[in-house]
Amino acid sequence: METKEIIDLKPQNVWRHFYELTRIPRPTGHMKEVTKFMVNFGKSLDLETVQDRAGNVLIRKPASKGYEGKQTVILQAHLDMVPQKNTDIQHDFTKDPIDAYVEGDRVKARFTTLGADNGIGVAMIMAVLEDKLLQHPPIEALFTVDEEGGMNGAFALKKDLFTGTLMLNLDSEQEGELCVGCAGGADVNATIQYKDDTEIEKGDVAFRISLKGLKGGHSGAQIHLGRANAIKLMNRFLKNAVRNYEARLASIQGGSLRNAIPREAFAVITIPEQLSEDLIDLVLEYEDLFNEEYRGIEEGIIFEAEKVKLPKSLIPAEIQDDIIHAIEGCPHGVISMLPDFPGVVESSVNLAAVTSSKGKIEVKLMVRSSSESRKEWVCSSVESVFLLAGAKVEINSDYPGWQPNIDSELLHTMEKVYLEKYGKRPIVSVIHAGLECGIIQSNIGHNVDIVSFGPTITGAHSPEESVEIESVEKTYEYLVSVLEEIG
């Protein structure tokens, strides 16, 4: 297919706004520039624009003629994006724009996350706000901050900011699905502190072990796919190397974000020089093993050993053993499934990141569950594993799930509109990924009927992220039709 400029895609008003967002650095935690952009956008349309202390932006658009007495509708999306890239790529998410391009029927980014999650939802709402010909009820357009880093913007919302009783969340990732529920989540952070061991055996040499090429992905939406976790695979190798090759661990690093399945991991180890060739052979054996075990799931796992300078210090042997055993014993992946929604995950763990530096090892995990009691149990199980290793464990950033309401009037209306437009019923779903809907619902302080939907996005939270072009057009047309109907 002939390559097109993003701004030439249809609907042009949506893609133009999305392209503008790709020019603005907006990783989680760096919201100043994008919130300023949104405030200026609202004011440029002469619409009432409010920014709260957390940085969330609310733009109010009055109803079109004849819709003044209708229920106010909240349109909601989050402004931040997940900053993921391959390690050999020079890209600063706090400064550099996203290099987005069209390939076939999709829009992608070169070697980084695209930010369609949730930039395409933001762009659709912007298009609604600026279009003076649309028929719609009163609109409160809510753009939240720092969703990917713990739902911080949603948690900070005050109930007196809203009057809307209906809400359309534009953060779902499969066209043709209407989401009415999602899992809650919590972070588990384990820390082991130690005094560096500076005694390195005479005659030892050092190797940097690198594990790359994994797909990674969204720790909610893609946890059920059984993709490899780079930290777990690296740790599996390290246990063997320590036990059978006299290896000592100097440093370890893997993963980055709590809601992204780790794609890469790195370690520096020392071994007796006479075992160097044996170690290199072992790395090659594990590369073959990993590729064989994940055949059909991963494509081209790369596992390498490179000789490097001796480190200045090592992780003490007892600490090294404790962390290796803890990571080996810690669960990762699906824990339970939802009986009422076949194929939907109920509970999971993402062993998200491990970092060693300056006498400290930190491990970050994310637990998700649609059941509050099971979420507490899984967090407790993970906590126990690391307590046994002598770690200090903290559980925080706990947020509630969004309980499904299949009797929702808004849902029934949206099902009706979809059936009339496309001749088939949409799929009504509950997802394992986290959405802000439950938090917003509890913070608003009055009953609000919520449905989430969006275009088809694949590979979210990884450099494989892409958005299907046709689904964007279809989703925006559907959004407009829903606004006309509920008005």
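The values are calculated or read from the model by the stated rules, or taken from the named source; none is laboratory data. All values derive from a computational prediction rather than experimental measurement. No Cβ is skipped: glycine too gets one built from the backbone with ideal geometry, and neighbour counts run over all protein chains shown.
For this structure, a couple of remarks:
- Within segment 15-44, considering residues that are part of a loop (DSSP other than H, G, I, E, B) and within 18 Å of the chain's Cα centre (by Cα), the one nearest to Thr475 (Cα to Cα): Arg26
- Residue list for segment 387-439, restricted to those being modelled with pLDDT under 95 and on the phi > 0 side of the Ramachandran plot: Ser397
- Candidate set: segment 126-156, residues that are within 21 Å of the chain's Cα centre (by Cα) and under 22 Å from Asn40 (Cβ atoms); chosen: the one surrounded by the fewest Cβ atoms within 10 Å (Cβ to Cβ): Ala156
- Filter result for Gly213 (touching a Gly at 6+ places or on another chain (Cβ under 7 Å), farther than 29 Å from Glu394 by Cβ, surrounded by fewer than 23 Cβ atoms within 10 Å (Cβ to Cβ) and in contact (Cβ under 8 Å) with a residue 40 or more places away in the chain): yes
- Within segment 115-138, considering residues that are touching a helix residue (DSSP H, G or I) at 6+ places or on another chain (Cβ under 8 Å) and of a type in the set (Asp, Glu), the one nearest to Thr94 (Cα to Cα): Glu130
- Segment 197-216: number of residues that are farther than 20 Å from Ile327 by Cβ and not polar (S, T, N, Q): 10
- Within segment 416-454, being more than 14 Å from Glu175 (Cα to Cα) and either touching a Lys or Arg at 6+ places or on another chain (Cβ under 7 Å) or among the hydroxyl-bearing types (Ser, Thr, Tyr) (or both) holds for His432, Gly434, Ser442, Asn443, Ile444, Gly445.
- Filter pass, Val417 being over 18 Å from Val122 (Cβ atoms) and either free of Cβ contacts under 8 Å to residues at least 60 places away in the same chain or in contact with a Ser or Thr (Cβ under 7 Å, 6 or more places away or on another chain) (or both): yes
- Scanning segment 341-386 for residues that are closer than 24 Å to Leu211 by Cα, exposed (fewer than 15 other Cβ atoms within 10 Å of the Cβ) and touching a residue at least 12 places away in the same chain (Cβ under 8 Å) turns up Ser357, Gly359, Lys360.
- Within the option set Ile7, Ile89, being under 21 Å from Glu477 (Cβ atoms) and either acidic (Asp, Glu) or at pLDDT below 95 (or both) holds for one residue only, Ile7.
- Residue selected from segment 269-320 under the condition small (Gly, Ala, Ser) and either under 16 Å from Leu238 (Cβ atoms) or modelled with pLDDT of 95 or more (or both), by the criterion surrounded by the fewest Cβ atoms within 10 Å (Cβ to Cβ): Gly296
- Members of segment 104-125 found to be under 14 Å from the mean Cα position of the chain (by Cα) and not hydroxyl-bearing (Ser, Thr, Tyr), listed by number: Leu114, Gly115, Ala116, Asp117, Asn118, Gly119
- Set Ile301, Ile297, Ile252: member being in contact with an Asp or Glu (Cβ under 7 Å, 6 or more places away or on another chain), on the phi < 0 side of the Ramachandran plot and β-branched (Val, Ile, Thr): Ile301
- Selection from segment 87-114 of residues that are touching a helix residue (DSSP H, G or I) at 6+ places or on another chain (Cβ under 7 Å), within 18 Å of Pro25 (Cβ to Cβ) and outside any loop (DSSP other than H, G, I, E, B): Ala100
- Output for segment 45-63, where each listed residue is within 28 Å of the chain's Cα centre (by Cα) and touching a residue at least 24 places away in the same chain (Cβ under 8 Å): Val50, Asp52, Arg53, Ala54, Gly55, Asn56, Val57, Leu58, Ile59
Matching residues to (1) basic (Lys, Arg); (2) over 29 Å from the mean Cα position of the chain (by Cα):
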site: Thr191; (1), (2): no, no
site: Asp204; (1), (2): no, yes
site: Ser219; (1), (2): no, no
site: His224; (1), (2): no, no
site: Arg227; (1), (2): yes, no
site: Ala247; (1), (2): no, yes
site: Phe266; (1), (2): no, no
site: Gln274; (1), (2): no, yes
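- All of Ala247, Ala228, Ala260 fail the test of being under 24 Å from Asn291 (Cβ atoms) and free of Cβ contacts under 8 Å to residues at least 60 places away in the same chain, apart from Ala247.
- Residues located in segment 216-252, provided they are farther than 30 Å from Val430 by Cβ, of a type in the set (D, E, K, R) and surrounded by fewer than 21 Cβ atoms within 10 Å (Cβ to Cβ): Arg236, Lys239, Arg243, Glu246
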